[in-house]
Amino acid sequence: MDTPEFNVYFARNLKTGQSVAIKLIDKEKVLKVGLIDQTKREISVMKLVKHPNVIQLYEVMASKTKIYFVMEYAKGGELFNKLARGRLKEDTARKYFQQLISAVDFCHSRGVYHWDLKPENLLLDENGSLKVSDFGLSALAESKRQDGLLHTTRGTPAYVAPEIISRKGYNGAKADIWSCGVILFVLLGGYLPFHDSNLMEMYRKIAKADYGCPHWFPVERNDQVTTEIPCIREDFVNSRHFHKALEPGS
């Protein structure tokens, strides 16, 4: 995993034998593109969110020119790579979605909003458990303005909530849950619900919730997904409807 500002390497602790991932950040490049505050925020966020389904930050080190994040190693790679082979079986999709929602709900309870949830940022460990990663675009509750809302436009276009596109204030938790709804569609359908080569047309589809479920969706799942993407409530993950829908065989 490489970007102009950082690289990620596999490493092993020589004393314990533990496998880790090391995110190496170039200080000069981070300063040049104005990402120093974002880097500090990422460290703060990762220290806050200790959860079985979130990639753990073990240690942060620095030299004169580099910053090193020593993190949990996810041997299974990105969930996105699994989806490249096609849609998932319903039981598998349910398992991943349960773990995703558990992690996201915990983050929200700690005042953390991810802002860039997508299959590329969901990793799998050696046991196949899902791990939310990449908090580089995340926000803390303290980022809210006086109106109690967030106003920064961030995220990956196909997964962002309509209120972010409208450039109005928005609830960070609801925006994350919208992204989770899109991910659920992708897990079950194998493709994005909102997609267009023209970015503005894709934004129009998102704003209007203009999409359809594939013919292979079971009727009850069709209704569930169609309801969940456009109709996000603040208490969604705590609702009886939500938990019943995730039960095997429901």
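Please treat every number below as a calculation from the coordinates, not as lab data. None of the values given here were measured: they were computed from a predicted structure.
Using only alpha carbons, build the gyration tensor for the stretch 42-190 and give me the equivalent ellipsoid semi-axes, biggest first, whole Å.
So the three semi-axes of the stretch 42-190 are 24, 22, 13 Å.
Note down the Stokes-Einstein diffusion coefficient of the stretch 6-72 in µm²/s, whole number, using a Kirkwood radius over alpha carbon pairs, 37 °C, and 0.692 mPa s.
D, rounded to a whole number, is 258 µm²/s.
For the stretch 159-205, what D do you get in µm² per second when you plug the Kirkwood radius from alpha-carbon pairs into Stokes-Einstein at 10 °C and 1.306 mPa s?
For these conditions, the coefficient is 140 µm²/s.
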